[in-house]
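These notes concern the structure reproduced below.
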Amino acid sequence: MMTSTQPHILCEDVVRIFKGEGIEVQALQGLNLTVMPGEMTAVVGASGSGKSTLLTILSGLDRPTAGKAQVAGVDLLGLSRRERSRYQRETVGFIWQQTPRNLLPYLTAAENAALPLAITGRRNPDARVTELLELTGVAHCRDRRPGEMSGGEQQRVALAVALSNQPKVILADEPTGELDERTSAEVLEAMRRVNEELGTTTLIVTHDPTVSGHVKRTVQIRDGRCSTETLRRTGLNNDGDEHLIAEEFAVIDRVGRLQLPQEFMESLDMKDRVRLGLEPDHVRVTPADTRTDSEEAR
Ligand SMILES: Nc1ncnc2c1ncn2[C@@H]1O[C@H](COP(=O)(O)OP(=O)(O)OP(=O)(O)O)[C@@H](O)[C@H]1O
């Protein structure tokens with residue numbers, strides 16, 4: 001039984017190793033991620049950092065080599081084939097980068113959105129389809145096939161399709177990867193509106209840094225681990241005007257590991273080892289050849 005205080009996405013020490021022809025790639029190296037119900041989060045990172053591997057695991061298409069991965073209380077490691085297809089049909093909704101993976105080319109937008117409802121035996125899908133196409137801003141595409149829509153319209157119809165069975169979680173892999181900046185913004189705004197109005201937990205995996213402007217939480221993935229996290233909120237300045245506050249945090253795992261940002265390490269020439277010191281209210285990290293005042297005095 002899920003309660004609202006349990007995460008909708010929970011990854012603990014997730015490892016994924018690919019082996020082949022004598023080489024071994026550690027795509028995920030102990031990744032930890034918690035997303036609470038109703039949160040909209042972007043996971044960003046450079047090419048090869050492990051984003052798609054993470055999403056493929058969360059979508060139930062692949063299994064971690066080690067670790068724990070749960071979505072909406074469903075343990076993704078122990079799923080039978082039948083449970084997996086039920087999970088993919090009822091618990092999560094997907095949006096992929098490539099339109100043909102999202103929409104059937106010979107069906108209209110309305111028919112595409114009605115299809116998951118028909119598969120699960122929902123009666124009178126018309127009202128729900130209309131509601132979803134309006135919510136995602138593509139009611140005008142109702143009777144058009146994918147080939148008669150722009151890329152951004154196709155992705156917003158894909159969002160409507162993903163939502164049709166009322167999933168708890170939406171997983172999106174590079175949903176704006178093939179779109180220009182303006183069209184991307186329209187798709188991301190539709191996702192934000194859905195998240196606000198329906199409260200559907202949303203995880204977007206992308207290398208597009210402009211996504212950050214549309215979500216409150218951005219998690220940076222580096223070398224198969226979550227390294228830093230940026231949280232945005234609106235605050236009031238002295239004149240009472242609203243402004244956006246963005247705070248960056250390092251991610252620390254259960255055993256105390258964290259990654260220092262590359263630019264910090266480079267600017268202080270930190271490599272191989274650093275000095276740590278416990279102060280009353282913070283931990284000090286300094287280059288190995290730095291001596292503290294008390295050490296100098298000895
Ligand atoms: N099936 C596979 N077999 C072998 N190696 C793989 C496989 N899938 C991914 N990898 C490797 O795992 C690492 C992470 O890949 P992944 O596709 O998750 O990165 P990504 O951050 O999504 O990159 P991109 O933004 O380019 O899609 C890469 O080094 C990649 O080459």
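The values are calculated or read from the model by the stated rules, or taken from the named source; none is laboratory data. What you see is a predicted model; the values in this text were computed from it and never measured. We place every Cβ from the backbone using ideal geometry, glycine too, and count neighbours over all the protein chains shown.
Computed quantities for the displayed model
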{"read-out": "Top-ranked residue of segment 187-218 - restricted to ones that are in a helix (DSSP H, G or I) and among the basic types (Lys, Arg), ranked as farthest from the ligand (Cβ to nearest atom)", "value": "ARG193"}
{"read-out": "Residue identified as more than 26 Å from GLY38 (Cβ to Cβ), surrounded by 21 or more Cβ atoms within 10 Å (Cβ to Cβ) and not aromatic (Phe, Trp, Tyr) among ALA113, ALA160, ALA118, ALA109", "value": "ALA109"}
{"read-out": "Subset of segment 70-111 [touching a residue at least 40 places away in the same chain (Cβ under 8 Å) and either β-branched (Val, Ile, Thr) or outside the structural domain of VAL219 (by TED's automatic domain parsing) (or both)]", "value": "GLN70, VAL71, ALA72, GLY73, THR91, VAL92, ILE95, THR99"}
{"read-out": "Filtered residues of segment 221-248 (kept if more than 16 Å from the ligand (Cβ to nearest atom), in contact (Cβ under 8 Å) with a residue 12 or more places away in the chain and among the charged types (D, E, K, R))", "value": "GLU229, ARG232, ARG233, GLU247, GLU248"}
{"read-out": "Members of segment 219-252 that are assigned to a loop (DSSP other than H, G, I, E, B) and either over 18 Å from the mean Cα position of the chain (by Cα) or at positive phi (or both)", "value": "ASP223, GLY224, ASN237, ASN238, ASP239, GLY240, ASP241"}
